[in-house]
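Q: Take a look at the following structure, please.
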Amino acid sequence: MTPDHPAPALDPELLGRLRADLDQAGVDVDALEELLGPVASGALHREDPLPARWRLRDVDGPLATFVRLFTLGDPVDPAEVDELLPTLTAAGLVELGLAREDGTSLRSTAEVRPYGDETRTWYVLSDHGETALGTSLPVDHVLGIGGASTTLAAWTPRPEVRRALDLGTGCGVQSLHLSTHVGEVVATDLSQRALGYAAVNAALAGLDLDLRAGSMLEPVAGERFDLVVSNPPFVITPRRADVPLYEYRDGGAVGDDVVASLVRDLGAHLEPGGLAQLLGNWEVREGQDWRDVVGGWLDAAEAAGHPVDAWVVQREEQDPAEYAATWSRDGGQRAGTPEHEGMSLAWLEDFAARGVERVGFGVITLQRPAGERPTFRDLVDHRGPVTTPMGASVLAGMRARTWLAEHDDAAVLDVAWSCPPDVTEERHTRPGEADPTVIVLRQGGGLGRVIQLSTVTAALVSVCDGELTAGVAAGAIAGLLDLDPDAVRAEVVPFVREAVADGLLVR
Ligand SMILES: C[S@@+](CC[C@H](N)C(=O)[O-])C[C@H]1O[C@@H](n2cnc3c(N)ncnc32)[C@H](O)[C@@H]1O
């Protein structure tokens, strides 16, 4: 642990008081959003504290003190801290290592953020970001809840299972979510400071986490899990002295090897049928498709003796300049400074050295198959909005793909499929014409898929009410439209498979 800024103290008694005081003060996501309003809240998301300071300029009371102290990192009168935290008090906050004296005022040494949903509020501690620090981040910075954290949390399938692993736990945010549906949570990190924060956040939430130090899968050698989640340190970083290697985003490997090695090795740590949910970046070289890259990782998993089924959704692609600008800015370097320009150049050179043309970002869902061979691989590009949270659709999508892989076309035709309530049909007709020129099936939830229908598949969907099997419906449609029944079945089967995989038809 870094001696000059250790993680807060793990003192259950004082942390209990902190939690009770924050609960009592009504600190939660909605209350802070209402206090700050959309403009100041939006600016804080962009690491701009000015609108929040301006909005609170004449506002007193515990919630305003909370924001000044723990969000903005401003100096606060200890009497106001005592008012916000009457049982912990300002002295207790200092004892916890969460604040230090600054003249006659008190300044927090960590960010505290309410986080949760309609059913619960957690308080999550992490290092202050650049908003409060006012400088670029130190390399051992422990990340709070960011966009990638909430993306992963939203996409994670949440079956009730016995054991889960949170790899690269950071402040422990994924483990908080896992605790709602998993019996035993193991959380690992290379950073001792991160594990310190995760321990404090678990204690604040009254949770028992099995925290382990070590790199990647080393701390869980020989162990298996029903679910693995990881927002890994996937940021591709040039290995050069003039580019900081932030612990929170750099896993210590060249290029995209951190994610490649996870995909290759994770199958060995999953129970049969167990799932892994990851975020990742992949480097796409000249003449390559991103599917070749991720497909190569899946081939490597099979060659290593632990094959996995995979559903990978690419959400974004950046060119080297966009990637360089994003990540040289991320640590707090202002655009246009010599440091920022030097770093951007380092990224461009690094990518050029490997012939990288684009960098993909996406969400990877893996499953250990029941048998020795993988049963499916579905790599799709989907840039548009998706339902949130996506986890239930991911779980249903993995189960549907498994079922489809295990059943032949005759079995697909033998099911009486139905359209779930979020699926609607749209008919587009040219003015003055009676028959539609375009018919589409639109999904309200999940990936929000839109599938264009033919006369045959539109007729099929119109009778998908869970009563008639697809095979019987195909026969009737052939008769009605005077078509060859085999040709109708040959059109119906791939459509049904596509619609079932993404939840536009269900059993
Ligand atoms: C992007 S952060 C994710 C934090 C948190 N899980 C979340 O979802 O916000 C990646 C985490 O991986 C950790 N890390 C970096 N290198 C690692 C390694 N080689 N092995 C394990 N964890 C590592 C970092 O310390 C950091 O906490």
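Q: How big is D for the chain, in µm² s⁻¹ as a whole number, if Stokes-Einstein is applied with the Kirkwood radius of its Cα pairs at 25 °C and 0.890 mPa s?
A: Values: Rh = 25.3 Å.
Rounded, D is 97 µm²/s.
Q: With r as the distance between the Cβ atoms of V440 and D140 and R0 = 60 Å, compute the FRET efficiency 1/(1 + (r/R0)^6) and round to 0.05. Don't jump to the answer; show the numbers that get you there.
A: Numbers: r = 51 Å, r/R0 = 0.85.
Efficiency for this residue pair is about 0.70.
Q: Provide Rg over Rh for the stretch 44-198; use the alpha carbon set for both Rg and the Kirkwood Rh (inverse mean inverse pair distance).
A: Numbers: Rg = 16.8 Å, Rh = 16.9 Å.
Looking at the stretch 44-198, the ratio lands at 1.00.
Q: Which of the trypsin sites (Lys or Arg not before Pro) across the stretch 50-97 are loop residues per DSSP, with 12 or fewer other Cβ within 10 Å? Kindly include the intermediate steps, with their values, before the conclusion.
A: Working: sites: R53, R55, R57, R68; in loops: R57.
Those satisfying the criteria are R57.
Q: While we're looking at this one, here's another question. What is the magnitude of the charge dipole of the chain about its Cα centre, with +1 placed on the Cβ of each Lys and Arg, -1 on the Cβ of each Asp and Glu, and no other charges, expressed in debye to the nearest 20? Walk me through the numbers before you get to the answer.
A: Details: 41 positive and 80 negative charges, 41 e Å.
Taking the Cα centre of the chain as origin, the dipole is about 200 debye.
Q: Using only the alpha carbons, work out the radius of gyration and Dmax of the stretch 147-405 in angstrom.
A: Calculated on Cα positions, Rg and Dmax stand at 18.0, 55 Å.
Q: If I take every Cα pair under 8 Å that is 6 or more residues apart in the stretch 250-317, average their sequence separation and divide by the length, what percent do I get for the relative contact order? Don't skip to the end; give the middle numbers.
A: Values: 47 pairs, mean separation 24.3, N = 68.
Here the relative contact order equals 36 percent.
Q: Kirkwood Rh, the stretch 12-114, all Cα pairs: how many Å?
A: Details: mean 1/r = 0.0731 Å⁻¹.
After inverting the pairwise mean of 1/r, the radius is 13.7 Å.
Q: Using only alpha carbon pairs under 8 Å that are at least six residues apart, calculate the relative contact order of the chain and give it in whole percent.
A: Values: 956 pairs, mean separation 52.9, N = 507.
Relative contact order for the chain comes out at 10 percent.
Q: How large is the charge dipole for the stretch 147-405, taken about the Cα centre, if only the Cβ atoms of Lys, Arg (+1) and Asp, Glu (-1) carry charge, to the nearest 20 debye?
A: Values: 23 positive and 36 negative charges, 121 e Å.
Using Cβ point charges on Lys, Arg, Asp and Glu, the stretch 147-405 gives about 580 debye.
Q: While we're looking at this one, here's another question. Under the rule of at least 5 residues apart or a separate chain, name every residue whose amide H is placed under 5 Å from the amide H of T109.
A: When sequence neighbours closer than 5 places are left aside, the close amide H contacts are A99, R100.
Q: Provide the convex hull volume over Cα atoms per residue for the stretch 395-440, in Å³.
A: Measuring per residue, one finds 129 Å³ for the Cα hull of the stretch 395-440.
Q: What does the convex hull of the alpha-carbon atoms of the stretch 409-501 project to on average, in nm²?
A: On the way: hull surface 25.0 nm².
So the mean shadow area of the Cα hull is 6.3 nm².
Q: Please state the relative contact order of the stretch 146-282 as a whole percent: Cα pairs under 8 Å, 6+ residues apart?
A: Details: 251 pairs, mean separation 34.5, N = 137.
It comes to 25 percent, rounded to a whole number.
Q: For a quick check: with amide H placed at 1.01 Å from N, whose amide H comes under 5 Å from E271's, ignoring anything fewer than 5 positions away on the same chain?
A: F225, D226
Q: Where in the stretch 199-294 are there GluC sites (Glu not before Pro) that are in a DSSP coil and have at most 15 other Cβ atoms within 10 angstrom of their Cβ? Write down the numbers at each step before the final one.
A: On the way: sites: E223, E247, E283, E286; in loops: E223, E247, E286.
Sparse-neighbourhood loop GluC sites (Glu not before Pro): E223, E286.
Q: Starting from the Kirkwood radius over alpha-carbon pairs of the stretch 440-481, derive D by Stokes-Einstein at 10 °C in a medium of 1.306 mPa s and give it in µm² s⁻¹.
A: Numbers: Rh = 11.2 Å.
It diffuses with D of about 141 µm²/s by this estimate.
Q: Shifting gears a bit: Going by amide H atoms built from the backbone, whose H comes under 5 Å of the H on E184, apart from near neighbours?
A: Those lying under 5 Å, H to H, from E184 are R163, A164.
Q: Distance from the Cα centre of the stretch 199-226 to that of the stretch 113-153, in angstrom?
A: Between the Cα centres of the stretch 199-226 and the stretch 113-153 lies a distance of 19 Å.
Q: In the stretch 257-415, what is the volume of the convex hull around the alpha carbon atoms, normalised per residue and reported in Å³?
A: Details: hull volume 23.3 nm³, N = 159.
Roughly 146 Å³ of hull volume per residue.
Q: Right, here's the next one. At V506 and A321, where each label point lies 7 Å from the Cα along Cα→Cβ, what is the point-to-point distance in nanometres?
A: Between V506 and A321, the simple spin-label model gives 4.6 nm.
Q: Calculate what fraction, in whole %, of the accessible area of the chain sits on carbon and sulfur atoms when a 1.4 Å probe is rolled over the protein chains.
A: On the way: 11310 of 21940 Å².
Looking at the chain in its full context, I get 52 percent from C and S.
Q: Using only the alpha carbons of the stretch 153-245, what is the convex hull's orientation-averaged projected area in square nanometres? Walk me through the intermediate numbers first.
A: Numbers: hull surface 26.8 nm².
Taking a quarter of the hull surface, the average projection is 6.7 nm².
Q: In deg cm²/dmol and to the nearest 500, what is the mean residue ellipticity at 222 nm of the chain if only DSSP H runs of at least 4 residues count, each as -39500 (n - 2.57), divided by the residue total? Numbers along the way, then the final one.
A: Numbers: 19 runs with 195 residues, N = 507.
Result for the chain: -11500 deg cm²/dmol, rounded to the nearest 500.
The values are calculated or read from the model by the stated rules, or taken from the named source; none is laboratory data. In this text, all values refer to a predicted model and were calculated from it rather than measured experimentally. So basically every Cβ, Gly included, is an ideal-geometry build from the backbone, and we count neighbours across all protein chains shown. Heads up: the accessible areas ignore ligands, DNA and RNA and are worked out on the full protein's heavy atoms, side chains in. Shrake-Rupley method; radii C 1.70, N 1.55, O 1.52, S 1.80 Å.
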